[in-house]
Structures are given as C-alpha cells and as structure tokens.
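Chemist: Dropping a structure here in structure tokens format, bear with me for questions.
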Amino acid sequence: MVSRNPVTCVIFDMDGLLLNTEPFYTKVSEHIAARYGKVFDWSVKSSMIGKRAEDSARVFTQALGLPMTPAEYLVARQEMLDDLFPQAEPMPGAVRLTEHLHRHGVLQAVATSSDRRHFALKTTRHRQWFGIFDCIVIGDDPGVKRGKPAPDIFLLAAERLGTQPAQCLVFEDSPVGVEAARVAGMAVIAVPDPNLKPEVFHAADCILRSLNEFDPAAWGLPQYRE
C-alpha cells in the first residue's frame, strides 16, 4: 500500500489500538447486563467501540432494554473500571512503532474518546511512553464538540500538530473511528479486534491484524532497521 499523499504525521486511537483496555469494558458490561438477565455480546459491543462514554452508554442501555439511564450505567461501571484501567498493557507492536517514529522525528498524536480521568488511569504505568507524543487530544477536550464518527478530534489533533489533514495517517480499531478519520480527509489504517467483521472497515485504506504488520516504508515513513 502506498499513500496517496506524503505522510508527515501519525495519529493513534488509544483503546484497543495502543492499550489493551477493551477487555475491561467487556468484562464490566457483561457483569452489569447479567444483573438484569441480559447478555452483552459483540452485536452490541461493536456499536459501542470508539465512541465517547455517553454515546456508548446510550447504545448499551437501549440495545439491551435495561431499566437504567445511560448516566446510571456509567456510575454502575465506574468502580470496577477504576480498578482495572491501571492494569492496561500495550497492544502488540504499539511501543515499537511509536518509539521508532519518535526516534526519527515523525510527529505523533493520540486522539482518544476517553475522558481526562480515564486517560490518566489507563496510562498510570505508561507515563514515560505517552510522553513521546507531540499532542494528546482526549474526548472531553473543549475543542472536541462532537465525538466519533464526527471528525472533530482528528481535525483538532492535526491543527495542534501544525499540519494538514491530507498529510496525516490515522490508526484506528473501530468502525466509527475509521469513518471519523475518513471524513477528516485523512488516510486511515484499521487494526480491528478479530471479532469484528472486516467489511465494516471498508472505508479504511488497509486492514492489519496488529501494528506489528505495519510497514512504515510503504507509507514514506522511516523504515525499521532491525
């Protein structure tokens, strides 16, 4: 795959892309659904991935027909997630790729739907790693008026990096994230959970099984030397 435009900046989603946090959301949502005799599966989860907390909570409560509001769901899951988030580990290839790009002076940003509090918990043991990014935009940033699939978060990241959208390459694991990047006018690579059907990522420039499969040189970025 060769990029249609020169890539000067790389933007990463975080959950399920840089950090393996999605199993935490699954575990907690399964637990809450079970309280009401409901089953939380990928038919529901696939519609929640990549969205801001309020939006995914709305999907959860409505899809399962639960007798609770989205706000009540968020409160119910909070304590469990607070315990789990600091345990988050990097996804395969994430540290290798981002540190490689950093060493070569390639501008990088994180664009995550997580709010500031959750971001801090998830990166508890990874502060040094996340310190290499030139820009981090979180879901409750005042400059992000709309969540994914709107392009706001990616456009804001490009603006803060001082670059044009057409020069950005986005890595995403969710269909709404891919859509947001495409609407923003950016190239986008999907690295989805294997439980998601490939066809929902039709808008991506390509689909990888993990970040270990990414070839920087194919996109005009510094190639791996090791």
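Chemist: Quick check: at a probe of 1.4 Å, how many percent of the accessible area of segment 94-149 sits on carbon and sulfur atoms?
Modeler: 52 percent
Chemist: Continuing with this model, one more query. Tell me whether segment 1-121 comes out rounded, prolate or oblate; compute the Cα gyration tensor, take square roots of the eigenvalues as a ≥ b ≥ c, and use a/c under 1.5 as the rounded threshold.
Modeler: It is prolate, given that a/c is not under 1.5 and a/b is the larger ratio.
Chemist: With every protein chain left in place, what is the accessible area per residue of segment 1-92 in square angstrom, probe 1.4 Å?
Modeler: For segment 1-92, the solvent-accessible area averages 47 Å² per residue.
Chemist: Which value in Å does the Kirkwood hydrodynamic radius of segment 68-130 take, with 1/r averaged over all unlike C-alpha pairs and then inverted?
Modeler: Taking the inverse mean of 1/r over all distinct Cα pairs, segment 68-130 comes out at 13.7 Å.
Chemist: Take the chain, connect every pair of alpha-carbon atoms lying under 10 Å apart with a spring to form a Gaussian network, then pick out the residue of Ser114, Ser43, Ser210 with the largest mean-square fluctuation.
Modeler: Ser43
Chemist: Provide, in order from the shortest bin, the percent of all Cα-Cα pairs of segment 179-226 in each 5 Å bin, continuing until the bin that contains the maximum pair distance.
Modeler: Histogramming segment 179-226 at 5 Å steps yields 5, 19, 26, 22, 17, 8, 4, 0 percent.
Chemist: Starting at 0 and stepping by 10 Å, how many percent of the alpha carbon pairs of the chain end up in each bin?
Modeler: Binned Cα distances yield the sequence 8, 35, 37, 16, 4, 0.
Chemist: For the chain, what's the relative contact order in percent, using C-alpha pairs closer than 8 Å and at least 6 residues apart?
Modeler: Normalised by residue count, the contact order of the chain is 26 percent.
Chemist: Further question: Does segment 107-226 classify as rounded, prolate or oblate by the C-alpha gyration tensor (a ≥ b ≥ c root eigenvalues; a/c under 1.5 gives rounded; else a/b over b/c gives prolate, otherwise oblate)?
Modeler: The shape class here is rounded.
Chemist: So which lysines pass the test for Lys145, namely a Cα distance under 25 Å, with those fewer than 8 places away in the same chain ruled out?
Modeler: Leaving aside lysines fewer than 8 places away in the same chain, those within reach of Lys145 are Lys45, Lys51, Lys122.
Chemist: Then there is this: Provide, as a two-decimal number, the C-alpha radius of gyration of segment 1-64 over 2.2 N^0.38 Å, N being how many residues it has.
Modeler: Compared with the compact-globule rule of thumb, segment 1-64 sits at 1.47.
Chemist: I would also like to ask the following. For Val110, enumerate residues with amide H under 5 Å from its amide H, sequence gap 5+ or separate chain, H modeled in the peptide plane.
Modeler: Those lying under 5 Å, H to H, from Val110 are Phe12, Cys135, Ile136, Val137.
Chemist: Now for a separate question. Grab the Cα-Cα distance for Glu159 and Glu199, subtract it from 0.36 nm times how many residues apart they are, and report the gain in nm with one decimal.
Modeler: Using 0.36 nm per residue and subtracting the Cα-Cα distance, I get 11.3 nm.
Chemist: Quick one: accessible area per residue over segment 93-168, 1.4 Å probe, rounded to a whole number of Å²?
Modeler: For segment 93-168, the solvent-accessible area averages 44 Å² per residue.
Chemist: Want the number for Tyr36 to Arg127: 0.36 nm per residue separation, take away the alpha-carbon distance, what's left?
Modeler: 29.0 nm
Chemist: Per the helix-only calculation at 222 nm, which mean residue ellipticity applies to the chain, given -39500 (n - 2.57) for every DSSP H run of n ≥ 4 and division by its residues, nearest 500 deg cm²/dmol?
Modeler: -11000 deg cm²/dmol
The values are calculated or read from the model by the stated rules, or taken from the named source; none is laboratory data. As the structure is a computational prediction, the values presented were derived from the model and not from experiment. Heads up: the accessible areas ignore ligands, DNA and RNA and are worked out on the full protein's heavy atoms, side chains in. Shrake-Rupley method; radii C 1.70, N 1.55, O 1.52, S 1.80 Å.
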